[in-house]
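The values are calculated or read from the model by the stated rules, or taken from the named source; none is laboratory data. For clarity, every value in this text was computed on a predicted model and none was experimentally measured. Because the Cβ atoms are built from the backbone with ideal geometry, glycine has one as well, and the counts that use them run over all protein chains shown. These accessible areas exclude ligands, DNA and RNA; they are computed on the full protein's heavy atoms, side chains included. Shrake-Rupley method; radii C 1.70, N 1.55, O 1.52, S 1.80 Å.
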Amino acid sequence: MHLNLQDLGFDEGGVVLVKRALRMAREGDAITVSGTASDLAVHLRAWCRSDGHEFRWSDQDGGYAVISRGPAEAQRWSGAERSGSSNPLEAGAIIDHPPQRWGLAPRGSLVESGAPEFHFAIADKVEVWSPDAVRTYSQAAAAQWDPAAAIPWDAEFDLPEEVEDAVVQVMTYLVENETAALIVPSRFIAQLHPHFREVMQVLAIQAADEARHVEVFTRRGLLKRRELGLSTAGGQASLQTLVEEPDFAIASFLLSVLGEGTFLSVLWFIVRFAPDPITSAVCRLSAQDEARHVAFGMSHIREHMNAEPRLRESLIHAVRSRHEALRYTAGLNSEVFDALVLMAAGSWEPAELKRGNQLLSALIQEMHASRRKRLMQVGFTEAEAEEISSLHTRNFM
Ligand SMILES: [Fe+2]
Ligand SMILES: [Fe+2]
């Protein structure tokens with residue numbers, strides 16, 4: 001095979017053509033290379049030496065190089081491994097225990113041997129994988145909304161001072177909880193073996209959703225006020241147990257199945273009784289995202305529990321311990337509770353307040369019922385679901 005580089009310099013891209021010609025040749029076969037660029041012979045000789053090809057120069061016909069393909073290139077890739085398959089739906093695409101040496105290699109790529117060992121703590125398929133990740137990620141990507149455009153920030157409204165105060169207090173509570181919901185998946189992304197690409201992407205887009213929730217609740221809170229409301233010790237204590245939970249399955253269960261599941265009820269309650277269009281819009285859009293977070297959390301836990309029945313006991317134990325740890329804290333702060341009552345009542349009239357209070361009691365019952373239902377859907381018995389739901393934090397998240 002003869003390759004004429006014409007006036008293309010070896011270092012101007014000629015190397016790509018030479019490599020291609022050598023790839024097409026069989027090991028031991030020679031190719032010839034000519035060209036008019038200066039120093040072509042010098043460059044070719046140096047490159048062949050470093051890449052292990054045999055080089056010879058002939059002065060005939062204006063001069064050309066004769067290069068015989070050496071074994072180095074083939075040897076370099078002889079120990080390489082195919083890292084599963086990029087299409088997650090293909091049989092055997094997702095490996096049970098992807099080796100740490102595959103590191104950041106895209107799933108399905110051919111990984112050269114000798115790559116460094118990484119230290120991804122969460123690296124077993126049983127712990128991580130849910131086939132729903134593929135669909136969840138594309139749904140989430142398609143459902144991203146722009147806070148500047150999706151919320152009617154300029155809508156005019158004027159609330160009684162105390163109702164506005166109630167909204168600000170509820171927003172303060174929401175921002176605090178959304179912050180926890182942002183931190184939890186973010187912490188685990190960095191520990192996840194990238195072989196489970198789709199799950200990594202789901203967690204990343206979930207964190208981006210929470211960043212948006214933090215933004216819109218903060219912005220609604222500050223719409224008519226200079227500062228946000230109260231943050232309580234009890235609320236923080238409850239969220240701390242979530243944010244600092246080191247186990248991926250337990251944290252996902254507490255956050256997505258129990259916490260965000262319960263939060264869905266809170267957000268739809270606020271949408272229903274929102275005193276202004278902006279409060280309603282920020283909660284409605286966030287609730288739509290939360291529904292996705294809950295659905296993915298449920299499918300992930302269901303898969304994991306099916307594959308590892310022991311997980312069931314660990315999850316029950318985690319809920320009991322969390323309840324015990326929070327036994328002497330106040331739970332949901334009364335400021336948030338009162339603000340929700342006032343929001344639902346819409347005024348300070350005793351009859352309206354009574355109705356607001358009844359609505360909030362109904363909300364709490366509805367949260368319990370939905371939690372029980374979700375718990376049974378992921379595979380707990382009715383009695384277990386009843387116990388877990390009853391012990392869930394009074395702070396809702
Ligand atoms: Fe959220
Ligand atoms: Fe969420």
Approximate spin-label separation ARG82-GLN288, in nm, with each point projected 7 Å along Cα-to-Cβ: 4.1 nm
Alpha carbon convex hull of region 133-185, projected area averaged over orientations, nm²: 5.3 nm²
Average Cα contact separation per residue, region 331-397, under 8 Å, 6 or more apart, as relative contact order %: 30 percent
Cβ-derived FRET efficiency at R0 51 Å, GLN75 paired with ASN306, nearest 0.05: 0.70
The chain: relative contact order in percent, alpha carbon pairs under 8 Å with at least 6 residues between: 14 percent
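Quick one: which of 241-254, 305-318 comes out on top by average Cβ neighbours within 10 Å, and what's the full order, highest first?
241-254, 305-318
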Efficiency of FRET from Cβ geometry, GLU382 and ALA351, R₀ 35 Å, rounded to 0.05: 0.35
Cα-based Rg and Dmax for the chain, where Dmax is the largest Cα-Cα distance (Å): 30.4, 107
Computed log₁₀ I(q)/I(0) - Debye formula, equal Cα scatterers, no solvent, region 287-397, q 0.10, 0.18, 0.23 Å⁻¹: -0.39, -1.01, -1.28
At R0 = 56 Å, FRET efficiency that the Cβ-Cβ distance of ARG272 and LEU89 yields, to 0.05: 0.90
Accessible area per residue, Å², the chain with all protein chains present, probe 1.4 Å: 48 Å²
Sorted peptide list for 122-130, 279-287, 382-390, criterion being average Cβ within 10 angstrom, highest first: 279-287, 122-130, 382-390
Two-decimal log10 I(q)/I(0) for region 188-327, as the Debye equation yields it once each C-alpha is a single scatterer, q = 0.11, 0.12 Å⁻¹: -0.49, -0.58
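If packing is taken as the average number of other Cβ atoms within 10 Å across a peptide's residues, how do 171-177, 182-188, 24-30, 36-42 rank, most packed first?
171-177, 182-188, 36-42, 24-30
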Cα-projected label distance for SER231 with ASP146, points at 7 Å along beta-carbon direction, nm: 3.1 nm
Longest to shortest principal axis, alpha-carbon extents of region 118-274, angstrom: 55, 36, 26
Normalised convex hull volume, region 1-115, alpha-carbon set, Å³ per residue: 131 Å³
Inter-centroid distance (Cα atoms) of region 38-64 relative to region 321-353, Å: 82 Å
Region 187-224-region 97-143 distance, computed between alpha-carbon centres (Å): 19 Å
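Kirkwood hydrodynamic radius, computed over distinct alpha-carbon pairs, for region 343-397: how many Å, to one decimal?
Evaluated over region 343-397, this radius sits at 12.6 Å.
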Distance between modelled label sites at SER321 and LEU159, nm, 7 Å Cα→Cβ extension: 3.9 nm
Where the Cα pairs of region 225-292 fall when distances are cut into 5 Å bins, in %: 3, 15, 18, 19, 22, 15, 6, 2, 0
Kyte-Doolittle at least -0.5, axis length at least 18 Å by Cα - qualifying DSSP helices, the chain: 161-189, 197-221, 261-273, 277-307
19 Å reach of a label modelled at LEU391, 7 Å along Cα-to-Cβ, counting backbone N of region 305-324: 305, 309-324
Whole-percent pair-distance distribution, where bins are 5 Å wide, for the alpha carbons of region 186-242: 4, 15, 14, 16, 19, 14, 9, 6, 2, 0
Calculated P(r) tail over 17 Å for region 79-125, as whole % of Cα pairs: 28 percent
